[in-house]
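Accompanying notes for the structure given below.
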Amino acid sequence: MSATNPVENLQTLIRCPSVTPTEGGALSAIQAMLAPLGFRVERMVAQAEGTPDVENLYARIGDDGPHLMFAGHTDVVPPGDEASWSHPPFAADIADGMMFGRGAVDMKGGIACFVAAVARHIEQHGAPNGSISFLITGDEEGPSINGTEKLLKWAAEKGEAWDACLVGEPTNPDVLGDMIKIGRRGSLSGKVTVHGVQGHAAYPHLADNPVRGLLPLASALMDPAFDAGTPEFPASNLEVTSVDVGNPATNVIPAKATFAFNIRFNDTWSADTLKAEIIRRLDEAAGDQTLRAGREPVRYDLTWNERPSHVFLTRNNALIASLSEAVEKVTQRRPALSTTGGTSDARFIKDYCPVVEFGLVGQTMHMVDERASVTDLETLTEIYGSFIANWFDHARNG
(Lines give C-alpha, C1' and ligand atoms only; values in the text may rest on other atoms or scores of the structure.)
Protein backbone atom coordinates (compact mmCIF):
# COMPACT_ATOMS: atom_id res chain seq x y z
CA MET A 1 0.00 0.00 0.00
CA SER A 2 1.27 3.49 -0.90
CA ALA A 3 1.19 5.99 1.96
CA THR A 4 0.41 8.73 -0.58
CA ASN A 5 -3.32 7.90 -0.50
CA PRO A 6 -5.06 9.60 2.47
CA VAL A 7 -8.25 7.59 2.04
CA GLU A 8 -6.41 4.28 2.31
CA ASN A 9 -4.33 5.62 5.20
CA LEU A 10 -7.46 6.61 7.13
CA GLN A 11 -9.23 3.31 6.45
CA THR A 12 -6.22 1.50 7.87
CA LEU A 13 -6.21 3.66 11.00
CA ILE A 14 -9.96 3.53 11.65
CA ARG A 15 -9.84 -0.27 11.45
CA CYS A 16 -7.50 -0.20 14.44
CA PRO A 17 -9.84 -0.10 17.49
CA SER A 18 -7.59 2.21 19.51
CA VAL A 19 -10.10 3.28 22.16
CA THR A 20 -8.11 5.22 24.74
CA PRO A 21 -5.72 4.06 26.15
CA THR A 22 -5.50 0.94 23.93
CA GLU A 23 -2.97 1.14 21.08
CA GLY A 24 -5.16 -1.15 18.96
CA GLY A 25 -2.59 -1.46 16.18
CA ALA A 26 -2.82 2.22 15.18
CA LEU A 27 0.78 3.12 16.04
CA SER A 28 2.01 -0.01 14.29
CA ALA A 29 0.05 1.07 11.22
CA ILE A 30 1.70 4.51 11.25
CA GLN A 31 5.11 2.91 11.69
CA ALA A 32 4.42 0.72 8.65
CA MET A 33 3.53 3.84 6.63
CA LEU A 34 6.54 5.92 7.72
CA ALA A 35 9.42 3.43 7.84
CA PRO A 36 9.50 2.82 4.05
CA LEU A 37 9.71 6.59 3.55
CA GLY A 38 12.96 6.71 5.51
CA PHE A 39 11.65 7.72 8.92
CA ARG A 40 13.39 6.47 12.04
CA VAL A 41 10.53 5.30 14.24
CA GLU A 42 10.64 4.83 18.01
CA ARG A 43 7.93 3.64 20.36
CA MET A 44 7.86 4.87 23.94
CA VAL A 45 5.65 3.63 26.79
CA ALA A 46 4.85 6.16 29.51
CA GLN A 47 3.70 5.20 32.99
CA ALA A 48 2.29 6.89 36.07
CA GLU A 49 0.86 5.43 39.25
CA GLY A 50 -2.90 5.11 39.14
CA THR A 51 -3.11 5.54 35.37
CA PRO A 52 -2.90 3.03 32.50
CA ASP A 53 0.39 2.61 30.64
CA VAL A 54 0.28 4.39 27.27
CA GLU A 55 2.27 3.63 24.15
CA ASN A 56 3.40 6.60 22.04
CA LEU A 57 5.31 7.04 18.77
CA TYR A 58 8.05 9.39 17.63
CA ALA A 59 9.41 9.35 14.08
CA ARG A 60 11.88 11.61 12.30
CA ILE A 61 13.37 11.98 8.85
CA GLY A 62 16.39 14.25 8.40
CA ASP A 63 19.22 15.07 10.77
CA ASP A 64 19.55 18.84 10.69
CA GLY A 65 18.18 22.03 9.22
CA PRO A 66 14.77 23.49 10.01
CA HIS A 67 12.72 20.95 11.97
CA LEU A 68 8.95 20.75 11.50
CA MET A 69 6.86 18.60 13.83
CA PHE A 70 3.41 17.20 13.16
CA ALA A 71 1.58 16.18 16.35
CA GLY A 72 -1.57 14.20 16.90
CA HIS A 73 -3.23 11.28 18.64
CA THR A 74 -4.49 7.89 17.55
CA ASP A 75 -6.57 7.16 20.63
CA VAL A 76 -10.31 7.66 20.22
CA VAL A 77 -13.31 7.93 22.51
CA PRO A 78 -15.54 4.84 22.85
CA PRO A 79 -18.11 4.40 20.08
CA GLY A 80 -21.04 4.14 22.48
CA ASP A 81 -24.00 2.07 21.34
CA GLU A 82 -22.64 0.45 18.19
CA ALA A 83 -26.16 -0.52 17.13
CA SER A 84 -26.92 3.18 16.73
CA TRP A 85 -24.28 3.58 14.03
CA SER A 86 -25.40 3.32 10.40
CA HIS A 87 -22.01 1.74 9.65
CA PRO A 88 -19.83 -0.21 12.11
CA PRO A 89 -17.60 2.27 13.97
CA PHE A 90 -14.36 0.47 13.11
CA ALA A 91 -15.17 -0.67 9.56
CA ALA A 92 -14.19 2.56 7.74
CA ASP A 93 -17.08 2.14 5.30
CA ILE A 94 -17.49 4.72 2.55
CA ALA A 95 -21.02 5.78 1.60
CA ASP A 96 -22.27 8.87 -0.24
CA GLY A 97 -18.79 10.34 -0.32
CA MET A 98 -18.25 10.03 3.44
CA MET A 99 -15.97 7.71 5.40
CA PHE A 100 -17.62 6.52 8.62
CA GLY A 101 -15.69 5.52 11.71
CA ARG A 102 -14.66 6.47 15.19
CA GLY A 103 -11.71 8.83 14.92
CA ALA A 104 -12.42 9.78 11.30
CA VAL A 105 -12.12 13.48 12.12
CA ASP A 106 -10.78 13.37 15.69
CA MET A 107 -8.14 12.88 14.67
CA LYS A 108 -7.00 9.95 12.59
CA GLY A 109 -8.07 11.87 9.51
CA GLY A 110 -5.50 14.60 10.14
CA ILE A 111 -2.76 12.02 10.66
CA ALA A 112 -3.72 10.12 7.50
CA CYS A 113 -3.56 13.30 5.43
CA PHE A 114 -0.25 14.53 6.81
CA VAL A 115 1.35 11.13 6.22
CA ALA A 116 0.07 11.26 2.64
CA ALA A 117 1.34 14.82 2.19
CA VAL A 118 4.82 13.91 3.44
CA ALA A 119 4.88 10.76 1.29
CA ARG A 120 3.98 12.80 -1.78
CA HIS A 121 6.61 15.42 -0.95
CA ILE A 122 9.29 12.73 -0.69
CA GLU A 123 8.07 11.04 -3.87
CA GLN A 124 8.15 14.28 -5.84
CA HIS A 125 11.07 16.17 -4.27
CA GLY A 126 13.09 13.66 -2.26
CA ALA A 127 13.86 14.01 1.43
CA PRO A 128 12.86 17.34 2.97
CA ASN A 129 15.35 20.19 3.05
CA GLY A 130 15.58 19.82 6.79
CA SER A 131 13.75 17.50 9.19
CA ILE A 132 10.14 16.39 9.68
CA SER A 133 8.96 14.51 12.73
CA PHE A 134 5.73 12.87 13.87
CA LEU A 135 4.85 13.01 17.56
CA ILE A 136 1.83 10.75 18.03
CA THR A 137 0.26 9.91 21.38
CA GLY A 138 -2.29 7.39 22.59
CA ASP A 139 -3.45 9.50 25.55
CA GLU A 140 -5.16 12.64 24.29
CA GLU A 141 -8.72 11.47 24.85
CA GLY A 142 -7.77 10.01 28.24
CA PRO A 143 -6.11 11.63 31.27
CA SER A 144 -3.38 13.20 29.07
CA ILE A 145 -0.79 12.20 31.66
CA ASN A 146 1.18 9.54 29.79
CA GLY A 147 0.98 11.08 26.34
CA THR A 148 2.25 14.20 24.62
CA GLU A 149 3.68 15.89 27.71
CA LYS A 150 5.91 12.94 28.58
CA LEU A 151 6.70 12.14 24.95
CA LEU A 152 7.95 15.69 24.41
CA LYS A 153 10.13 15.53 27.50
CA TRP A 154 11.50 12.10 26.47
CA ALA A 155 12.35 13.33 22.98
CA ALA A 156 13.88 16.60 24.22
CA GLU A 157 16.10 14.70 26.65
CA LYS A 158 17.36 12.68 23.68
CA GLY A 159 18.40 15.92 21.98
CA GLU A 160 15.34 16.60 19.81
CA ALA A 161 14.47 20.25 19.20
CA TRP A 162 11.78 21.70 16.95
CA ASP A 163 11.31 24.96 15.12
CA ALA A 164 7.54 24.72 14.62
CA CYS A 165 4.62 22.35 15.06
CA LEU A 166 1.31 21.69 13.35
CA VAL A 167 -1.37 19.79 15.30
CA GLY A 168 -3.93 18.06 13.10
CA GLU A 169 -6.99 18.52 15.31
CA PRO A 170 -10.34 19.17 13.53
CA THR A 171 -10.38 22.96 13.70
CA ASN A 172 -12.90 23.85 11.00
CA PRO A 173 -16.45 24.52 12.25
CA ASP A 174 -18.33 24.27 8.93
CA VAL A 175 -16.13 24.03 5.82
CA LEU A 176 -12.52 23.03 5.26
CA GLY A 177 -10.54 26.26 5.23
CA ASP A 178 -12.65 28.10 7.82
CA MET A 179 -10.29 28.27 10.77
CA ILE A 180 -6.75 27.90 12.06
CA LYS A 181 -6.24 27.74 15.81
CA ILE A 182 -3.35 30.00 16.85
CA GLY A 183 -3.86 29.67 20.59
CA ARG A 184 -6.07 28.22 23.27
CA ARG A 185 -7.76 29.57 26.36
CA GLY A 186 -6.62 28.31 29.72
CA SER A 187 -8.79 26.02 31.82
CA LEU A 188 -9.00 25.99 35.60
CA SER A 189 -11.33 23.85 37.73
CA GLY A 190 -12.10 23.71 41.41
CA LYS A 191 -14.61 22.63 44.05
CA VAL A 192 -16.09 24.64 46.90
CA THR A 193 -17.42 22.87 49.99
CA VAL A 194 -19.68 24.95 52.23
CA HIS A 195 -20.00 23.76 55.84
CA GLY A 196 -23.21 24.08 57.81
CA VAL A 197 -24.99 22.38 60.71
CA GLN A 198 -27.40 19.55 60.03
CA GLY A 199 -30.87 19.83 61.50
CA HIS A 200 -34.62 19.52 61.07
CA ALA A 201 -36.12 21.62 58.28
CA ALA A 202 -38.91 22.68 60.70
CA TYR A 203 -36.35 24.10 63.17
CA PRO A 204 -33.92 26.10 61.01
CA HIS A 205 -32.77 28.23 63.97
CA LEU A 206 -31.09 25.10 65.39
CA ALA A 207 -29.25 24.38 62.16
CA ASP A 208 -27.20 26.27 59.58
CA ASN A 209 -28.24 25.52 56.01
CA PRO A 210 -25.09 25.38 53.82
CA VAL A 211 -27.20 25.90 50.68
CA ARG A 212 -27.90 29.46 51.86
CA GLY A 213 -24.16 29.97 51.99
CA LEU A 214 -23.49 28.22 48.71
CA LEU A 215 -25.78 30.44 46.64
CA PRO A 216 -23.96 33.78 47.15
CA LEU A 217 -20.57 32.09 46.73
CA ALA A 218 -21.56 30.51 43.44
CA SER A 219 -23.19 33.73 42.28
CA ALA A 220 -20.04 35.71 43.07
CA LEU A 221 -18.02 33.51 40.73
CA MET A 222 -20.46 33.92 37.84
CA ASP A 223 -21.10 37.66 38.14
CA PRO A 224 -19.60 40.12 37.38
CA ALA A 225 -17.66 38.98 34.33
CA PHE A 226 -13.96 38.41 34.90
CA ASP A 227 -13.00 40.53 31.88
CA ALA A 228 -14.29 41.85 28.56
CA GLY A 229 -12.01 39.76 26.36
CA THR A 230 -9.00 40.79 24.28
CA PRO A 231 -8.44 41.27 20.55
CA GLU A 232 -7.30 37.64 20.29
CA PHE A 233 -9.50 35.96 22.91
CA PRO A 234 -13.16 36.01 23.97
CA ALA A 235 -14.07 37.00 27.51
CA SER A 236 -13.13 34.56 30.25
CA ASN A 237 -16.15 32.51 31.29
CA LEU A 238 -16.85 30.55 34.49
CA GLU A 239 -19.55 27.90 34.69
CA VAL A 240 -20.80 26.08 37.78
CA THR A 241 -20.76 22.48 36.55
CA SER A 242 -22.34 20.60 39.48
CA VAL A 243 -24.10 21.22 42.79
CA ASP A 244 -24.49 18.50 45.40
CA VAL A 245 -25.72 18.20 48.98
CA GLY A 246 -25.81 14.40 49.19
CA ASN A 247 -29.15 14.60 50.95
CA PRO A 248 -32.05 12.30 49.94
CA ALA A 249 -34.36 13.57 52.71
CA THR A 250 -36.62 16.55 52.13
CA ASN A 251 -37.06 17.41 55.81
CA VAL A 252 -33.36 17.47 56.76
CA ILE A 253 -31.06 20.48 56.44
CA PRO A 254 -27.77 19.03 55.17
CA ALA A 255 -24.45 19.43 56.93
CA LYS A 256 -22.56 20.52 53.82
CA ALA A 257 -23.06 21.49 50.20
CA THR A 258 -20.57 21.52 47.34
CA PHE A 259 -20.31 23.01 43.91
CA ALA A 260 -17.75 22.47 41.17
CA PHE A 261 -16.75 25.05 38.58
CA ASN A 262 -14.64 25.45 35.48
CA ILE A 263 -13.38 28.67 33.97
CA ARG A 264 -11.97 29.07 30.46
CA PHE A 265 -9.73 32.13 30.63
CA ASN A 266 -7.86 34.40 28.26
CA ASP A 267 -4.42 35.95 28.50
CA THR A 268 -5.66 38.67 30.83
CA TRP A 269 -4.98 36.07 33.52
CA SER A 270 -2.51 33.43 34.58
CA ALA A 271 -3.65 30.44 36.59
CA ASP A 272 -2.16 32.01 39.73
CA THR A 273 -3.74 35.46 39.31
CA LEU A 274 -7.07 33.83 38.50
CA LYS A 275 -6.92 31.69 41.62
CA ALA A 276 -6.27 34.81 43.68
CA GLU A 277 -9.29 36.58 42.14
CA ILE A 278 -11.56 33.59 42.77
CA ILE A 279 -10.47 33.43 46.42
CA ARG A 280 -11.07 37.19 46.78
CA ARG A 281 -14.59 36.84 45.43
CA LEU A 282 -15.38 33.87 47.66
CA ASP A 283 -14.07 35.58 50.79
CA GLU A 284 -16.11 38.69 50.03
CA ALA A 285 -19.27 36.69 49.32
CA ALA A 286 -18.81 34.62 52.50
CA GLY A 287 -19.86 37.69 54.49
CA ASP A 288 -23.05 38.25 52.48
CA GLN A 289 -25.93 38.28 54.99
CA THR A 290 -28.76 38.35 52.44
CA LEU A 291 -29.80 34.72 52.99
CA ARG A 292 -28.20 34.22 56.42
CA ALA A 293 -29.18 37.18 58.58
CA GLY A 294 -27.35 37.24 61.90
CA ARG A 295 -24.99 34.41 61.02
CA GLU A 296 -21.22 34.28 61.06
CA PRO A 297 -19.51 34.37 57.62
CA VAL A 298 -19.88 31.23 55.53
CA ARG A 299 -17.34 28.54 56.34
CA TYR A 300 -16.00 26.99 53.16
CA ASP A 301 -13.09 24.98 51.74
CA LEU A 302 -11.73 25.40 48.22
CA THR A 303 -9.80 22.68 46.41
CA TRP A 304 -8.23 23.00 42.95
CA ASN A 305 -7.88 20.39 40.28
CA GLU A 306 -4.21 19.52 40.07
CA ARG A 307 -3.56 20.30 36.40
CA PRO A 308 -4.74 23.67 35.07
CA SER A 309 -4.30 24.23 31.35
CA HIS A 310 -2.41 27.43 30.67
CA VAL A 311 -3.49 29.99 28.09
CA PHE A 312 -1.19 30.59 25.12
CA LEU A 313 -1.07 32.54 21.88
CA THR A 314 1.26 31.78 18.97
CA ARG A 315 2.76 34.88 17.37
CA ASN A 316 5.13 33.15 14.91
CA ASN A 317 4.33 34.94 11.65
CA ALA A 318 6.24 32.51 9.42
CA LEU A 319 4.31 29.51 10.75
CA ILE A 320 0.91 31.21 10.60
CA ALA A 321 1.57 32.70 7.17
CA SER A 322 2.83 29.38 5.75
CA LEU A 323 -0.37 27.63 6.76
CA SER A 324 -2.74 30.49 5.91
CA GLU A 325 -1.24 30.79 2.43
CA ALA A 326 -1.58 27.05 1.87
CA VAL A 327 -5.22 27.02 2.97
CA GLU A 328 -6.09 29.97 0.77
CA LYS A 329 -4.21 28.57 -2.23
CA VAL A 330 -6.06 25.25 -2.12
CA THR A 331 -9.53 26.32 -0.93
CA GLN A 332 -9.71 29.99 -1.99
CA ARG A 333 -10.77 30.76 1.58
CA ARG A 334 -8.84 32.99 3.94
CA PRO A 335 -9.02 31.13 7.28
CA ALA A 336 -9.94 32.91 10.47
CA LEU A 337 -7.23 32.90 13.13
CA SER A 338 -8.99 31.72 16.27
CA THR A 339 -8.43 30.83 19.92
CA THR A 340 -11.91 29.39 20.53
CA GLY A 341 -12.83 25.92 21.71
CA GLY A 342 -11.46 23.69 24.40
CA THR A 343 -7.93 22.63 25.19
CA SER A 344 -5.67 20.36 23.15
CA ASP A 345 -2.19 18.88 23.37
CA ALA A 346 -0.92 22.11 21.84
CA ARG A 347 -0.87 23.38 25.43
CA PHE A 348 2.13 21.11 26.06
CA ILE A 349 3.85 21.71 22.73
CA LYS A 350 3.88 25.52 23.10
CA ASP A 351 6.60 25.14 25.75
CA TYR A 352 8.94 23.66 23.11
CA CYS A 353 8.18 25.54 19.88
CA PRO A 354 5.54 27.69 18.15
CA VAL A 355 2.40 25.67 17.42
CA VAL A 356 -0.77 26.04 15.36
CA GLU A 357 -3.66 23.66 14.70
CA PHE A 358 -5.50 22.80 11.50
CA GLY A 359 -7.42 19.71 10.43
CA LEU A 360 -10.77 18.48 9.18
CA VAL A 361 -14.29 19.78 9.81
CA GLY A 362 -15.18 18.81 13.37
CA GLN A 363 -18.98 18.69 13.28
CA THR A 364 -19.24 14.93 13.96
CA MET A 365 -16.35 14.39 16.36
CA HIS A 366 -17.26 12.13 19.31
CA MET A 367 -20.72 11.54 17.79
CA VAL A 368 -22.48 8.44 16.53
CA ASP A 369 -21.66 8.15 12.81
CA GLU A 370 -18.51 10.24 13.06
CA ARG A 371 -17.43 10.73 9.46
CA ALA A 372 -15.12 12.60 7.12
CA SER A 373 -15.68 13.71 3.55
CA VAL A 374 -13.51 11.75 1.12
CA THR A 375 -13.13 14.95 -0.90
CA ASP A 376 -11.96 16.79 2.21
CA LEU A 377 -9.31 14.14 2.84
CA GLU A 378 -7.74 14.86 -0.54
CA THR A 379 -8.12 18.62 -0.06
CA LEU A 380 -6.51 18.54 3.38
CA THR A 381 -3.62 16.49 1.98
CA GLU A 382 -3.08 19.16 -0.67
CA ILE A 383 -3.16 21.88 2.00
CA TYR A 384 -0.64 20.04 4.14
CA GLY A 385 1.60 19.50 1.11
CA SER A 386 1.53 23.19 0.23
CA PHE A 387 2.14 24.08 3.88
CA ILE A 388 5.24 21.83 4.05
CA ALA A 389 6.71 23.53 0.98
CA ASN A 390 5.81 27.01 2.28
CA TRP A 391 7.19 26.42 5.75
CA PHE A 392 10.56 25.10 4.63
CA ASP A 393 10.83 27.97 2.16
CA HIS A 394 10.11 30.51 4.94
CA ALA A 395 12.47 28.72 7.33
CA ARG A 396 15.30 28.66 4.81
CA ASN A 397 14.84 32.06 3.21
CA GLY A 398 13.00 34.11 5.81
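The values are calculated or read from the model by the stated rules, or taken from the named source; none is laboratory data. Computed from a prediction, not measured in an experiment: that's the story for all the values here. Every residue, glycine among them, receives a Cβ derived from its backbone with ideal geometry; neighbour counts consider all protein chains shown.
Points to keep in mind about this one:
- Residue tally, condition of a type outside the set (Lys, Arg), part of a strand (DSSP E or B) and within 21 Å of the chain's Cα centre (by Cα), over segment 356-379: 4
Here's the yes/no breakdown for (1) under 28 Å from the mean Cα position of the chain (by Cα); (2) outside the structural domain of ILE180 (by TED's automatic domain parsing); (3) under 30 Å from PRO66 (Cα atoms):
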site	(1), (2), (3)
ASN247	no, yes, no
SER270	yes, yes, no
ILE278	yes, yes, no
ALA318	yes, no, yes
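- Contact map, segment 284-297: residues that are assigned by TED's automatic domain parsing to the domain that holds ARG212 paired with residues that are surrounded by 14 or more Cβ atoms within 10 Å (Cβ to Cβ) and among the β-branched types (Val, Ile, Thr), Cβ distance under 7 Å, separation 6+ or inter-chain. Pairs shown: ALA286/VAL298.
- Candidate set: segment 23-58, residues that are of a type in the set (D, E, K, R) and either surrounded by fewer than 16 Cβ atoms within 10 Å (Cβ to Cβ) or outside the structural domain of HIS73 (by TED's automatic domain parsing) (or both); chosen: the one farthest from GLU140 (Cα to Cα): ARG40
- Checklist (1) in contact with a helix residue (DSSP H, G or I) (Cβ under 8 Å, 6 or more places away or on another chain); (2) assigned to a loop (DSSP other than H, G, I, E, B); (3) surrounded by 18 or more Cβ atoms within 10 Å (Cβ to Cβ) applied to GLU382, failing item: (2)
- Residues satisfying the stated conditions in segment 224-250, i.e. small (Gly, Ala, Ser) and in a loop (DSSP other than H, G, I, E, B): ALA225, ALA228, GLY229, ALA235, SER236, GLY246, ALA249
- Test: residue in segment 185-206 that is touching a residue at least 12 places away in the same chain (Cβ under 8 Å), closer than 30 Å to PRO354 by Cα and touching a helix residue (DSSP H, G or I) at 6+ places or on another chain (Cβ under 6 Å): yes
- Check on VAL368, assigned by TED's automatic domain parsing to the domain that holds PHE90 and under 17 Å from THR171 (Cβ atoms): no
- Count of residues meeting criterion [under 14 Å from MET69 (Cβ atoms) and either touching a Leu at 6+ places or on another chain (Cβ under 8 Å) or of a type in the set (Val, Ile, Thr) (or both)] in segment 320-350: 3
- Residue identified as closer than 18 Å to SER344 by Cβ and outside the structural domain of SER338 (by TED's automatic domain parsing) among ILE180, ILE263, ILE253: ILE263
- Filter result (in contact (Cβ under 8 Å) with a residue 60 or more places away in the chain and part of a loop (DSSP other than H, G, I, E, B)) within segment 340-350: THR340, GLY341, GLY342, THR343, SER344, ASP345
- So THR331, is it surrounded by 18 or more Cβ atoms within 10 Å (Cβ to Cβ), over 19 Å from PRO224 (Cα atoms), at pLDDT 95 or above and not assigned by TED's automatic domain parsing to the domain that holds ASN390: no
- For segment 259-313, a tally of residues being of a type in the set (Ser, Thr, Tyr) and part of a strand (DSSP E or B) returns 3.
- Subset of segment 336-378 [surrounded by fewer than 19 Cβ atoms within 10 Å (Cβ to Cβ), more than 26 Å from ILE263 (Cβ to Cβ) and among the β-branched types (Val, Ile, Thr)]: THR364, VAL368, VAL374, THR375
- When residues in segment 29-66 are screened for being more than 23 Å from ARG371 (Cβ to Cβ) and either under 23 Å from the mean Cα position of the chain (by Cα) or in a loop (DSSP other than H, G, I, E, B) (or both), 24 of them pass.
- Number of the exception - LEU221 against (1) assigned to a loop (DSSP other than H, G, I, E, B); (2) in contact with a Phe, Trp or Tyr (Cβ under 8 Å, 6 or more places away or on another chain); (3) in contact (Cβ under 8 Å) with a residue 40 or more places away in the chain: (1)
- Some residue of segment 315-322 being closer than 19 Å to VAL115 by Cα and outside any helix (DSSP H, G or I): no
- Test: LEU214 is in contact (Cβ under 8 Å) with a residue 40 or more places away in the chain and within 25 Å of the chain's Cα centre (by Cα): no
- Of the residues making up segment 14-22, at least one is crowded, with 17+ Cβ neighbours inside 10 Å, among the small types (Gly, Ala, Ser) and closer than 27 Å to ILE145 by Cβ.
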